Amino acid sequence: MDADEQPPYQSWLESFTSSLGGMAGTVHLRRGGALELVAALNIPPPVVNAVRVVPSGKGMAGIALATGEPVQTCNLQTDESGHVQPAARAVPGGAAVALPVLDAAGEVRAVVGIAFPHEGELTAEMTRAMMVAAAALPPDSL
């Protein structure tokens, strides 16, 4: 398939992140039991390399894949939950969330990550609104 025929994940991520006031983000598509990075915004190259493929259960995106639930941190730099992988601390962000995107059968088809310049807990209402917005991710053509 021609690269031009692929869904525009990068432009979608840029619009999604901007519309929510975020400063960095990622889109991972599910490939079997893992996630494959298809778009990144303001993510340092070492982090991009570290998250090209994310296994289920590893890091915020991998936990979102495994549970089908959003995974958040109040501060990427100081999180001690074990959900934030060491490489992610290179992203100069505060609060962050990994949002599972579900298919029609309720299975995780992708995980969208977004980081904000501020730290703090994201409210349940804001997280629900972000889940709705993330559901507009273009379908995977593979």
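Among (1) buried (at least 21 other Cβ atoms within 10 Å of the Cβ); (2) within 12 Å of the chain's Cα centre (by Cα), where does GLY93 come up short?
Every condition holds for GLY93 apart from (2).
Hey, does region 72-80 have a residue that's without any contact (Cβ under 8 Å) to a residue 40 or more places away in the chain, under 13 Å from the mean Cα position of the chain (by Cα) and over 17 Å from GLY21 (Cα atoms)?
no
Considering every residue within region 67-80, establish whether at least one is closer than 16 Å to MET130 by Cα, among the small types (Gly, Ala, Ser) and in contact with a Gly (Cβ under 8 Å, 6 or more places away or on another chain).
Checking region 67-80: at least one residue is closer than 16 Å to MET130 by Cα, among the small types (Gly, Ala, Ser) and in contact with a Gly (Cβ under 8 Å, 6 or more places away or on another chain).
Determine whether VAL132 is within 24 Å of PRO8 (Cβ to Cβ), surrounded by fewer than 13 Cβ atoms within 10 Å (Cβ to Cβ), modelled with pLDDT of 90 or more and not basic (Lys, Arg). Full working, then the answer.
Numbers: within 24 Å of PRO8 (Cβ to Cβ): yes; surrounded by fewer than 13 Cβ atoms within 10 Å (Cβ to Cβ): yes; modelled with pLDDT of 90 or more: yes; not basic (Lys, Arg): yes.
Yes; evaluated as a whole, the condition is true for this residue.
Test of understanding: among VAL53, VAL48, VAL84, which residue is surrounded by 18 or more Cβ atoms within 10 Å (Cβ to Cβ), among the β-branched types (Val, Ile, Thr) and touching a strand residue (DSSP E or B) at 6+ places or on another chain (Cβ under 9 Å)?
Numbers: VAL53 fails: surrounded by 18 or more Cβ atoms within 10 Å (Cβ to Cβ); VAL48 fails: surrounded by 18 or more Cβ atoms within 10 Å (Cβ to Cβ).
One residue alone meets the criteria, VAL84.
Confirm whether LEU137 is touching a residue at least 60 places away in the same chain (Cβ under 8 Å) and within 19 Å of LEU41 (Cα to Cα).
Working: touching a residue at least 60 places away in the same chain (Cβ under 8 Å): yes; within 19 Å of LEU41 (Cα to Cα): yes.
It is true that LEU137 is touching a residue at least 60 places away in the same chain (Cβ under 8 Å) and within 19 Å of LEU41 (Cα to Cα).
VAL91: of a type in the set (Val, Ile, Thr) and in contact with a Leu (Cβ under 8 Å, 6 or more places away or on another chain), yes or no?
Answer is yes for this residue.
Could you pull out every one of the helices (runs of 4 or more DSSP H) wholly within region 1-118 that has 2 or more residues that are under 23 Å from ALA136 (Cβ atoms) and modelled with pLDDT of 90 or more?
On the way: elements: 9-19, 45-50, 59-67.
The qualifying helices (runs of 4 or more DSSP H) are 9-19, 59-67.
Within the bounds of region 109-123, is there any residue that is in contact with a helix residue (DSSP H, G or I) (Cβ under 6 Å, 6 or more places away or on another chain), more than 23 Å from GLY32 (Cβ to Cβ) and surrounded by fewer than 19 Cβ atoms within 10 Å (Cβ to Cβ)?
No: region 109-123 contains no residue that is in contact with a helix residue (DSSP H, G or I) (Cβ under 6 Å, 6 or more places away or on another chain), more than 23 Å from GLY32 (Cβ to Cβ) and surrounded by fewer than 19 Cβ atoms within 10 Å (Cβ to Cβ).
The values are calculated or read from the model by the stated rules, or taken from the named source; none is laboratory data. The structure presented is a predicted model; accordingly, all values stated were derived computationally and were not measured. Reconstructed Cβ throughout: ideal geometry from the backbone, glycine too, with neighbour counts over all protein chains shown.
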